[in-house]
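Below is one structure; the comments refer to it alone.
The values are calculated or read from the model by the stated rules, or taken from the named source; none is laboratory data. Only a predicted model underlies this, so the values are computations on that prediction, with no experimental measurement involved. In this analysis, Cβ positions are derived from the backbone assuming ideal geometry, glycine residues included, and neighbour counts consider all displayed protein chains. SASA here: full protein model, heavy atoms, side chains in, ligands and nucleic acids out. Shrake-Rupley method; radii C 1.70, N 1.55, O 1.52, S 1.80 Å.
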Amino acid sequence: MASHEVKLLEKKMEEILITFEQNDKYSEALHAYNMIEMKINQLLASLSGEELNNAYEVLAQCLFRQGNMYRSMGQVGEALRYSEMEAEAARRSGNNATIAQSIFSEGVTLISNKQLSKGLIFLEKAKELFDKEDNYDCIQGRGWYWIIKADLGNKRISETTSEEIIEFANKALEIFETN
């Protein structure tokens, strides 16, 4: 029964994304995600095995979204704190794609916090993990890796030529168009 509740909470996160996040209502989204985080944490004690791993995957997604809300609101310190909690939940999930997404998220947070070289190391580590599997989440992760690389170059945050920026953007498009 508890695993069914976790699935409902995952579905609720998608509703929050559409209703609040995509409409730039970050405070409302953050509050709703906080409620989901509390509910998942309450359920963890009643789960075991694969159900527990799945709950940690959903918790990692929830913490990721909260971190994104803090980044969007300019609260990079809180975003970093949530990235660290996300990393722990991802590790507990045992899912390679979830772990890679978490490492990627922390890299973006570090870059947002003006820690470019450390953030780039995290992005590269995430890409290595994304490249190990061909499931949907890993393929999407590879695409987002190239989008971030192009964006960093385009914003002159990293030393990237115009040709490289175009190459990075084309790699992302190729990944998303074929998958």
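For the range 1-97, what is one quarter of the convex hull surface built on the Cα atoms, given in nm²? Don't skip to the answer; put the middle values down first.
On the way: hull surface 22.9 nm².
It is 5.7 nm².
Below 26 Å, Cα to Cα, which lysines can LYS39 reach? Residues fewer than 8 away in the same chain don't count.
Leaving aside lysines fewer than 8 places away in the same chain, those within reach of LYS39 are LYS7, LYS11, LYS12, LYS25.
If you keep only loop residues by DSSP, which trypsin sites (Lys or Arg not before Pro) in the range 75-120 have at most 15 other Cβ atoms within 10 Å of their Cβ?
LYS114
Report, largest value first, the span of the C-alpha coordinates of the chain along each principal axis, in whole Å.
Principal-axis extents of the chain (Cα, largest first): 53, 33, 28 Å.
Relative to the longest principal Cα axis of the chain, at what angle does helix 96-112 sit, 0 to 90 degrees, rounded to 10?
Long axis of 96-112 versus the principal axis of the chain: about 60 degrees.
Is the C-alpha gyration tensor of the range 88-170 telling us rounded, prolate or oblate? Criteria: a/c under 1.5 is rounded; beyond that, a/b larger than b/c is prolate, otherwise oblate. Don't skip to the answer; put the middle values down first.
Working: a/c = 3.01, a/b = 1.48, b/c = 2.03.
Note, shape of the range 88-170 comes out oblate.
Please give every one of the lysines within straight-line cross-link reach of LYS125, meaning a C-alpha to C-alpha distance under 21 Å, and leave out same-chain neighbours fewer than 8 residues apart.
Qualifying lysines at Cα under 21 Å: LYS114, LYS149, LYS171.
Give the angle, between 0 and 90 degrees and rounded to the nearest 10, that separates the Cα long axis of helix 162-178 from the longest principal axis of the Cα atoms of the chain.
40 degrees
For the chain, what does the accessible surface come to per residue with a 1.4 Å probe? Please give it in Å². List each step's numbers first, then the result.
Working: 9830 Å² over 179 residues.
Per residue, the chain has an accessible area of 55 Å².
If you roll a 1.4 Å probe over the range 13-58 with all protein chains in place, what percent of the accessible area is carbon or sulfur?
Working: 1300 of 2610 Å².
The computed percentage sits at 50.
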